[in-house]
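Report on the structure given below.
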Amino acid sequence: MASQLIQAGIIGVGSYVPNKVLTNNDLEKIVNTSDEWITSRTGIKERRVAEPEQAASDLAFEAGRKALEHAGLPPEEIGLIIVATSTPDMFFPSTACLVQEKLKCVNASAFDLSAACTGFIYALNVGKQFINTGAEKYVLVIGAEVLTRIVNWQDRTTCVLFGDGAGAAVLGPVPQGRGIISSYMAAEGAGASLLTLPGCGSRIPLTPQSVEQGLHFISMKGKEVYKFAVRVMEEGTQRVLQQAGMKVEDLDMYIPHQANIRIIEHAAKKIKLPMEKVLVNVDRYGNTSAASVPLALDEAVKQGKIKSGDNVLLIGFGAGLTCAAVLVRWA
Ligand code: UT7
């Protein structure tokens, strides 16, 4: 183990979304909803839907491949792959192992991380430790979801919200003062029942009865989750800023979990952050859970919205309940 902590930063990003677009107008034909309701309550206009033959590892592979390319690293340089997902290809083996094989990251260990929509930021925090200590030089962190497989297409309160996609980041050593300069992770298990997929696990195994009751679908108490989201976005933001000795004004770019434009605007107002500094793409992809922050990050980087030395705050929240944030000084 290195005697001095090695600074970890994001040295490559990538993302992938399936081609198929499902608009609000398309949804009007499936459930009793309207473009007006979805747009005004969530800001979502359309989302992507994976092809029947695509699973989480396929989306993760595409995003991971692009992130490696962006970082300029051959696959064998990766020492660890972490895939954050709530929609793994299967219970086991992990989606990360399937991705390791697809990418030919032959020297990487691999595991999945379960923290729902917060998963990618949790995974960044975990991956960072391996670099800080010198245990690994390069870590590939991926958020990948095929949420359209676990929504009830007859439940208008949830099916309009979610979409499919994947985003990835390569973590590696960067100069002192750059990279992930502060981080925060939190969980409130007391709110576990507010956002769940209750069936298919060891509590309620998959049976004809559990399927009949729709327990294999997402179930959410939206209003409570909304309040939690706004509260923890403020708390998480303050915590990482304080830790870095910085103020909101020092931020150049704010990349929040894309669940609902009203949550993002509400939180931005509370922390007194102008919306010009906030990356929003929920209108085009809906809520892609663990994929949402890396998808938005990739967009910001590829559009040249982030430059060397910028202070970029990534923040996520979701089932668990969980929340996490990292503050990155772009290398
Ligand atoms: O990423 C994980 C974290 N998840 C979240 O961040 C989600 C947080 N929650 C939210 O974003 C919002 O609570 C929702 C978008 C889910 C719902 O918005 P809301 O303003 O809280 O609406 P609501 O649940 O209070 O529903 C208002 C009305 C209800 O009708 P009544 O009871 O007032 O007659 C719903 O039945 O809107 C109705 N409604 C719909 N109407 C048309 C609910 N969904 C729909 C729909 N289309 N899709």
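To make sure I understand the rule: partners must be lysines, Cα under 25 Å from the Cα of Lys305, and not fewer than 8 residues away in the same chain. Which ones qualify?
Within reach: Lys45, Lys66, Lys128, Lys247, Lys269, Lys270, Lys272, Lys277.
I'd like to compare 245-251, 203-209: which one has the highest average count of other Cβ atoms within 10 Å, and what's the full order after that?
Sorting 245-251, 203-209 by mean packing, highest first, produces 245-251, 203-209.
Please list 187-197, 294-304 highest first by mean number of surrounding beta-carbon atoms within 10 Å per residue.
294-304, 187-197
Over the Cα atoms of the chain, what is the Rg over Rh ratio if Rh follows Kirkwood? Don't skip to the answer; put the middle values down first.
On the way: Rg = 18.8 Å, Rh = 19.7 Å.
So for the chain, dividing Rg by the Kirkwood Rh gives 0.95.
Just to confirm my numbers, what's the Cα centroid distance between segment 261-331 and segment 3-33 in Å?
Each part's Cα centre sits 12 Å from the other's.
Can you give the local net charge around Ile261? Use residues other than it whose beta-carbon is closer than 11 angstrom to its beta-carbon, Lys and Arg +1, Asp and Glu -1.
Here the charged neighbours net out to +1.
Which one, Met275, Leu59, Val83, projects farthest toward the positive side of the charge dipole computed for the chain from Cβ point charges (K/R +1, D/E -1)?
Met275
Amide H neighbours of Ser109 under 5 Å, at least 5 residues apart or on other chains, H built in the peptide plane: list them.
Leu80, Ile81
Which order, highest average first, do 24-32, 38-46 follow once you tally other Cβ atoms within 10 Å for each residue and take the mean per peptide?
38-46, 24-32
Please report the spacing between the Cα centers of segment 119-152 and segment 220-239 in Å, no decimals.
Distance between centres, Cα-based: 21 Å.
For a quick check of your reading of the filter: which chymotrypsin sites (Phe, Trp or Tyr not before Pro) in segment 58-122 sit in a DSSP loop and have no more than 14 other Cβ atoms within 10 Å?
Those that pass, being in a loop and sparsely packed, are Phe91.
Summing +1 for each Lys or Arg and -1 for each Asp or Glu, what net charge is found among the other residues whose Cβ lies under 15 Å from the Cβ of Ser40?
Value of the local net charge: -1.
Bear in mind that the values in this text are calculations on the coordinates, not laboratory data. All values derive from a computational prediction rather than experimental measurement. When we count neighbours, we look across all protein chains shown, and the Cβ atoms used for this are built from the backbone with ideal geometry, even at glycine.
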